[in-house]
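Comments concern the structure below.
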Amino acid sequence: MGYTVALGGKGGTGKTTLAGLLIRYMIRHGMKPVLAIDADANSNLNDVLGVKLEGTLSDAREEMKTSVPTGMTKDIFMEMKMEQCMIEGDGFDLIAMGRPEGPGCYCAANNLLSNLIDRLIKNYDYLVVDNEAGMEHFSRLTQKDVDLLLLVSDPSRRGLTAACRIAELVRSLPIRVEKTILVVNQMQNDAGSWPEDVLETFGENHIALLPADPLLAQFDREGKPTSLLPDDASIVKATDALFARLLSKDK
Ligand SMILES: Nc1ncnc2c1ncn2[C@@H]1O[C@H](COP(=O)(O)OP(=O)(O)OP(=O)(O)O)[C@@H](O)[C@H]1O
Ligand SMILES: [Mg+2]
């Protein structure tokens, strides 16, 4: 199984931004092929990476209920749809999960999808999974192990508490997470000391800091993909150093 990095944390803290910068780092360091999985119902990893989505797996699941052509099996239909949803970028492929299933019974479609995803990820050396704040899809991707879980927070008390809660939640799931790092993003000034529960949950050596970068904010406002930031942007320098530290020891 490929080396898997998952991202989680409170809404709007920088998970997708960081996922995009990680994929950029991997590609530039020959860590390919990468499969990017957008597991946020409100898919936007593609914007950060500068590619356009053609559809999501949840669209495919809905279509399976009504639009399978006569003479075609559901397996083949889903496989075809999944291929259509895959976006081929420069050094990476991207697939978006879309909305998690509602309360109705979509078991057959979900089983088919799970099997297809399992088969798909075998083709990649690296996987990056951008989750939404609620981590809805996370428990469904649990057939696999996670090598690195990046829990992203802003420096606020609420963000840090959310990161602690998610760390606990993940520990209660039947998955193996090799390493968990708290990434405190959008730092404006010196952190000072961390609250006791944060230190207890993560440990001082598992907390990383990233700066607020006005150029990143400007790119965002202008609708430019984060992955096109210049090498000397402060967020790129900081994330490159972080990923070099985290990934070189593991690999
Ligand atoms: N270090 C940073 N400096 C400046 N702006 C940042 C930084 N990190 C993230 N942002 C901005 O914060 C906003 C939220 O970032 P992002 O979409 O990556 O968060 P998210 O955690 O994925 O959000 P969601 O929970 O909605 O998926 C974006 O406008 C992004 O450009
Ligand atoms: Mg996001």
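The values are calculated or read from the model by the stated rules, or taken from the named source; none is laboratory data. Please read all numbers here as calculations on a predicted model, not as lab measurements. Neighbour counts are summed over all protein chains in view; Cβ atoms, including those assigned to glycine, are modelled from backbone coordinates with ideal geometry. Just so you know, the surface numbers come from the protein's heavy atoms only, side chains and all, with ligands and any DNA or RNA stripped out. Shrake-Rupley method; radii C 1.70, N 1.55, O 1.52, S 1.80 Å.
Please list, in order along the stretch 31-48, the HN-Hα scalar couplings obtained from phi with the Karplus expression 6.51 cos²θ - 1.76 cosθ + 1.60 (θ = phi - 60°), rounded to whole Hz, x for Gly and Pro.
The phi angles translate into 8, 10, x, 10, 9, 9, 10, 8, 9, 10, 4, 9, 4, 8, 4, 4, 5, 5 Hz.
Return the calculated 222 nm mean residue ellipticity for the chain, to the nearest 500 deg cm²/dmol, obtained by summing -39500 (n - 2.57) across DSSP H runs with n ≥ 4 and dividing by the residue count.
So the helix-based figure for the chain works out to -12500 deg cm²/dmol.
If packing is taken as the mean number of other Cβ atoms within 10 Å per residue, what is the order of 41-53, 70-82, highest first?
Peptide ranking by packing, descending: 41-53, 70-82.
When ligands, DNA and RNA are left out and all protein chains stay put, how many square angstrom of accessible area per residue does the chain have with a 1.4 Å probe?
Heavy-atom accessible area per residue stands at 47 Å².
Once you have the Cα-Cα distance between SER156 and ALA41, take 0.36 nm times their residue separation minus that, and quote the gain in nm to one decimal.
Stretched out fully, the SER156 to ALA41 stretch lengthens by 38.9 nm.
Give a quick list of GluC sites (Glu not before Pro) in the stretch 178-251 that DSSP marks as loop, anything other than H, G, I, E or B, with at most 10 other Cβ atoms within 10 Å.
GLU222
Can you give me the distance in nm between label points at LYS52 and ALA212, each placed 7 Å from the Cα along the Cα-to-Cβ direction?
Between LYS52 and ALA212, the simple spin-label model gives 3.5 nm.
Dividing the convex hull volume of the Cα atoms of the chain by its residue count, what figure in Å³ per residue is obtained?
Here the figure is 127 Å³ per residue.
Starting from the residue with the highest accessible area, list ARG221, ARG24, ARG171 in decreasing order, probe 1.4 Å.
Solvent-accessible surface, decreasing: ARG221, ARG171, ARG24.
ASP59 accessible area, nearest 10 Å², 1.4 Å probe?
Result for ASP59: roughly 60 Å² accessible.
Counting DSSP beta bridges in the chain, what percent are antiparallel, to the nearest 5?
Antiparallel bridges make up about 5 percent of those DSSP assigns within the chain.
Could you check which residue among SER172, SER193, SER156 shows the biggest mean-square fluctuation in a GNM of the chain with a 10 Å Cα cutoff?
SER193
Place a point 7 Å from Cα of MET1 in the direction of its Cβ. Which residues in the stretch 148-173 have their backbone N less than 20 Å from it?
Inside the label zone: 148-151, 167-173.
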